[in-house]
1. Would you confirm whether any residue within the range 45-61 is basic (K, R) and either open to solvent by less than 90 Å² (accessible area, probe 1.4 Å) or modelled with pLDDT of 90 or more (or both)?
2. How do the pairs read when you match residues in the range 17-44 that are under 24 Å from A72 (Cα atoms) with residues anywhere that are at pLDDT 95 or above, using Cβ under 6 Å and keeping only pairs 6 or more apart or on different chains?
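The values are calculated or read from the model by the stated rules, or taken from the named source; none is laboratory data. All values reported here derive from a predicted model rather than from experimental measurement. Note that we place each Cβ from the backbone using ideal geometry, even for glycine, and neighbour counts take in every protein chain shown. When the accessible area is computed, the model is the full protein with side chains, heavy atoms only, and any ligands, DNA or RNA have been set aside. Shrake-Rupley method; radii C 1.70, N 1.55, O 1.52, S 1.80 Å.
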Amino acid sequence: MMWFGGGWGWGGWFVMAVIMVFFWALVIAGIVALVHYLTSARHGHQTSRPLSSGEPGAGNRQAEDVLADRFARGEIDDDEYKRRLALLREHREG
């Protein structure tokens, strides 16, 4: 019998089954990671309270919300946050 003479026998089937399960686990994990990346808060970020563009000071408040979010995420430090916030508020009043 040519099929069983030089092959791995049942061990080959077991190894092939394990590899197939591993392959599909990687495919599913990749799809889940892609969906998570595409729907993460960084890409679809919206402020908690939508502001209309006709509302007085709406643009500055949106800018302050973005600045506060960047500070909360650690993208900017305390000094930079305070300096930019003062600059935004100065332009709102003036």
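1. First pass over the range 45-61, keeping only residues basic (K, R): 49, 61.
When the remaining residues are screened for being either open to solvent by less than 90 Å² (accessible area, probe 1.4 Å) or modelled with pLDDT of 90 or more (or both), the result is 61.
Looking for residues that are basic (K, R) and either open to solvent by less than 90 Å² (accessible area, probe 1.4 Å) or modelled with pLDDT of 90 or more (or both), one finds at least one in the range 45-61, hence yes.
2. Partner pairs satisfying both residue conditions: none exist.
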